[in-house]
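The values are calculated or read from the model by the stated rules, or taken from the named source; none is laboratory data. Keep in mind the model is a prediction, meaning the values are calculated, not measured. Positions of Cβ are backbone-derived with ideal geometry, glycine not excepted, and every protein chain shown enters the neighbour counts. Side chains included, ligands, DNA and RNA excluded: accessible areas come from the protein's heavy atoms. Shrake-Rupley method; radii C 1.70, N 1.55, O 1.52, S 1.80 Å.
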Amino acid sequence: MPAVDIPGSKSITARALFLAAAADGVSTLVRPLRSDDTEGFAEGLVRLGYRVGRTPDTWQVDGRPQGPALAEADVYCRDGATTARFLPTLAAAGHGTYRFDASPQMRRRPLGPLTRALRDLGVDLRHEEAEGHHPLTVRAAGVEGGEVVLDAGQSSQYLTALLLLGPLTRDGLRIRVTDLVSVPYVEITLAMMRAFGVEVVRDGEVFEVPPGGYRATTYAIEPDASTAGYFFAAAAVTPGREVTVPGLGSGALQGDLRFVEVLRRMGAEVDVAADRTTVRGTGVLRGLTVNMRDISDTMPTLAAIAPFASGPVRIEDVANTRVKECDRLEACAENLRRLGVDVATGPDWIEIRPGTPLPDVGIKSYGDHRIVMSFAVTGLRTPGLSYDDPGCVRKTFPDFHEAFAALGATS
């Protein structure tokens, strides 16, 4: 039974970096993800004047509850959505002038609902070019707090950014959410804030965040559940193959582990223990209709194995996948059509019909790590697939291709 060593969660590493930077004291992050996104986040903190000590297995962050150490900074957020959304919010709680820019890909991704909420809280935030997009400048003078209304229908990261900000405000925050996707990611945020000493009270669509700041702590980062999904899917499409991921079990924070329940519905054997999860391919892969609103990062993984199912696979309520690193819904449809697979799409759904993918096809990555990693699973049963940008996996898993090749060697 091959055990796969999955790198740390990107979502948890980014939140932990924010919390450690905001906390009173020195925090130690154990087994953080080392990837382009998280290195970019850590580098952004350094540019703002925070001290971040990095060894291979631990990062130490000297917290500054009062905000960035520098009065002026220019931060480049690379491709990282958490970096680009969380760091301006963190900087707003300090005092100084902070400019944030990002890659062309990240510049295209929306920021408007978070911008509006921060402005409603009195933050002086100006977009230099397109409204609601990077680059932007924050002229920070601390945040008073109070009540704010937020539309988190495009991304739960907007809500996470405000929740993380709440304890740094003078009066605390009362956030009223009008729409919300990817609820499990918000649950991660609330659990991690608790680990750093802050208890958020939720009443329906209203989140009450107390003032008072965070306490430094030692925090272990669990393996990335979205990344584990590619390896679980690899087991599901290969009769007799078994994959175990240690460190991800019934107590995991990440909602994307629920992807294994989709694989179970399709016919795979799934065993979720307290500290590990195992998936085994049975030779059965049934079609299904599934709502993936709350686990939409795993949508491309399911789309990539859907042709091997015995009936149609229909994925619903995933409109927010259109505003990720690329329009993931169309990227999946385009690549499946290149493979000769029959696909239909709508505004928030994709339906894939059974078929044998064509060999020797070039997969268009659209610069999106999840597209490449998902279609690598298709490649286990389809010879000769190639990718126009295989290196884009460095965003979350720089050694992905080597790890996946090793998995193939054990089959």
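Listed peptides 274-282, 35-43, 157-165 appear in the order 157-165, 35-43, 274-282 once ranked by packing, highest mean of other Cβ atoms within 10 Å at the front.
Per-residue accessible area (protein heavy atoms, 1.4 Å probe) orders Tyr366, Tyr387, Tyr50, Tyr219 as Tyr366, Tyr387, Tyr219, Tyr50, starting from the largest. With charges only on Cβ, +1 for K and R and -1 for D and E, what is the dipole size of the chain about its Cα centre, in debye, rounded to 20? With only Lys, Arg, Asp and Glu charged at Cβ, the dipole is about 260 debye.
When only Cα pairs below 8 angstrom with a gap of at least 6 residues are kept, the stretch 345-400 shows a relative contact order of 37 percent. Run the Debye formula on the Cα coordinates of the stretch 211-364, all scatterers equal and no solvent, and tell me log10 I(q)/I(0) at q = 0.09 1/Å. The computed values of log10 I(q)/I(0) come out as -0.31.
Among the protein heavy atoms of the stretch 28-96, carbon and sulfur supply 46% of the accessible surface, probe 1.4 Å, non-protein parts ignored.
Of the peptides 228-239, 18-29, 392-403, 117-128, the ranking by mean beta-carbon count within 10 Å, highest at the top, reads 228-239, 18-29, 392-403, 117-128. The antiparallel fraction among DSSP beta bridges confined to the chain stands at about 65%.
Of the residues Thr378, Ile352, Ala333, the one whose Cα sits farthest toward the positive end of the charge dipole of the stretch 315-390, with +1 on the Cβ of Lys and Arg and -1 on the Cβ of Asp and Glu, is Thr378. What fraction, in whole percent, of alpha-carbon pairs in the stretch 176-275 exceed 22 Å separation? When every Cα pair of the stretch 176-275 is considered, 44 percent fall beyond 22 Å.
In this structure the chain gives 35 Å² per residue of accessible area when probed at 1.4 Å with all protein chains present.
Each residue was assigned an accessible area with a 1.4 Å probe, and for Arg215 the value is about 150 Å². Over the chain, Cα pairs under 8 Å with separation of 6+ residues give a relative contact order of 14 percent.
Of all the accessible heavy-atom surface of the stretch 156-303, with the other protein chains kept in place and a 1.4 Å probe, what percent is carbon and sulfur?
46 percent
Dipole check for the stretch 1-157: with +1 at the C-beta of Lys and Arg, -1 at the C-beta of Asp and Glu, and the Cα centre as origin, the magnitude is about 160 Debye.
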